[in-house]
1. For every other residue with a beta carbon closer than 12 angstrom to the beta carbon of Ala163, add +1 if it is Lys or Arg and -1 if Asp or Glu, then tell me the sum.
2. I need the peptides 60-70, 113-123 ranked by packing, meaning the mean over residues of other C-beta atoms within 10 angstrom, with the highest value on top.
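We did not get these values from a lab; they are worked out from the coordinates using the rules stated. Since the model is a prediction, treat every value here as computed from it, not as a measurement. Neighbour counts are summed over all protein chains in view; Cβ atoms, including those assigned to glycine, are modelled from backbone coordinates with ideal geometry.
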Amino acid sequence: MHQDLWAPWRMAYLRELERRSAEIPKGEPVLADFITHAWENPDLDEESLVIHRSRHGLLMLNRFPYANGHLLAALGVAKPRLLDHTPQEQAAFWELVGRGVDLVERVFQPHGVNMGVNQGDAAGAGLPQHLHAHVVPRWSGDVNFMSAVAGVRVVPESLESVAARFREAIQSVPWADPQA
């Protein structure tokens with residue numbers, strides 16, 4: 001039986017990147033710093049898909065996820081490289097990554113978790129001006145024919161539903177105090 005898989009947001013994203021690349025001078029960032037925008041506008045947390053804020057940074061859903069529950073961890077201050085941050089900022093950054101892993105494990109019970117930082121254009125950073133980490137839940141067999149042959153990833157749940165699950169779970173974690 002043939003079934004269709006629809007992910008229309010992905011093509012819109014790719015077309016927008018292509019359009020911006022053609023319009024923006026060489027060397028300028030293609031994406032606007034959506035992380036800084038989210039950090040500076042806490043009243044838009046739901047719209048920006050922010051799940052958690054600390055004194056130093058935030059966890060937010062990746063709008064174009066690799067897998068269901070894909071989070072981004074970032075400090076509020078935008079710097080392009082890990083070593084541009086002070087040792088205290090680096091510690092806060094890795095603490096946010098740990099909180100992201102904790103949330104992903106609580107909510108999705110994955111078989112594993114990928115954590116990664118793409119620093120710079122050449123390393124694949126989509127937003128090279130604002131260092132951030134990806135926290136991606138993984139399951140045995142989740143890289144199957146869909147991604148290997150068809151080049152398609154299946155994300156079975158809406159971003160809004162995933163955000164609601166994370167927000168509910170965060171109520172019970174000891175580190176959820178935004179002042180922490």
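1. Value of the local net charge: -3.
2. Working: 60-70: 19.9, 113-123: 13.6.
Listed from highest to lowest mean packing, they are 60-70, 113-123.
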